[in-house]
1. From the C-alpha coordinates alone, can you work out the Kirkwood hydrodynamic radius of region 3-50, in Å?
2. Taking the beta-carbon count within 10 Å as an exposure proxy, list Met46, Met170 from fewest neighbours to most.
3. Mind listing the long-range amide H neighbours of Asn183? Cut-off is under 5 Å, sequence gap 5 or more, other chains count too, H placed in the peptide plane at 1.01 Å from N.
4. Taking amide H positions as placed 1.01 Å from N in the peptide plane, with prolines and chain starts having none, which residues 5 or more places from Gly154, or on another chain, fall under 5 Å of its amide H?
5. Among the listed pairs Lys24/Lys44; Lys157/Lys237; Lys24/Lys209, give every one whose C-alpha distance is greater than 20 Å.
6. Within a Cβ distance under 12 Å of Ala167, other residues only, what is the Lys/Arg minus Asp/Glu net charge?
7. Pull up all non-local amide H partners of Ala216: gap of 5 or more, or a different chain, and H-to-H distance under 5 Å with H placed in the peptide plane.
Amino acid sequence: MECSDYREQMDEYFTGTLEAHRAKALEEHVSTCEGCGHEFADFKHMMEAVAEPIVVPVAFKDELRRAVAKEAKRQLPTAPSFVHIFRNPFFKVLIGATAAALLLLAAGLVWFELILPKETPVTVVTYVEDQSTGMERLVQRGLSQLVPPESATGAAKLLIRYDDAVAGQMDEQAVSVGGEVLNSANRSQPFALYAFSPDVLSFYVNFLKTLGPVEASLPRIGSITSDKVYVIVELGK
Ligand SMILES: [Zn+2]
């Protein structure tokens, strides 16, 4: 396989639809090929950035209106000899054009909002907090014996009713991103337990988001030092 073949697969890799053996081959390639490695890192960064909903600040429209007004004022000639220009309809068109240019600029800013990495969302708590909340849930659910103590744990709640098909998909997807299924969700116990390497955790969470809204309390990837993260996923409304 050539570099271009690997690069074509990145899209599927990051949306979690690439078959496990291909995903593994891609991971191996990007760890040894510098060019593809960079592209892979960029892709990952971008996917993480767009995974969060875009929030346009409430004050944005007001700021924009002020900026347009200010710019229009700045462009108005002040010398008395230019007064007649104001009365010229063509001048009004010019001001309109300035406003349009500013609107384009504003659209550009919105676009930057979209691609630039967001601040850590509030639903992500720190590793230390996580360790306790995740562990607490594992103990409550009687699953704590399945994970080593002091391990990195997280909890995610998928806000949909238990469904056999959904539970099956959750397990399948966990395996396909290279995770382990430690406990399958079932009708009487609608919570599943998975083990992931930290670098694939975000793919799994992104997959969960395709099934329904997710409330998550997950370790920040950069803060994880262990080689596995244990995640309990509860299904419920
Ligand atoms: Zn390559």
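1. Working: mean 1/r = 0.0943 Å⁻¹.
Mean inverse Cα-Cα distance, inverted, gives 10.6 Å.
2. Arranged by neighbour count, lowest to highest, Met46, Met170 become Met46, Met170.
3. Residues meeting the amide H criterion: Leu193.
4. Tyr230, Val231, Ile232
5. Numbers: Lys24/Lys44 16 Å; Lys157/Lys237 9 Å; Lys24/Lys209 23 Å.
Long pairs (Cα-Cα over 20 Å): Lys24/Lys209.
6. Local net charge: -3.
7. The list, which skips near neighbours in sequence, is Lys157.
FYI, it's all coordinate maths here, none of it is from the lab. Nothing here was measured: the structure is a model prediction, and the numbers come from that model. Don't worry about glycine lacking a Cβ; one is built from the backbone with ideal geometry, like all the others, and counts go over all protein chains shown.
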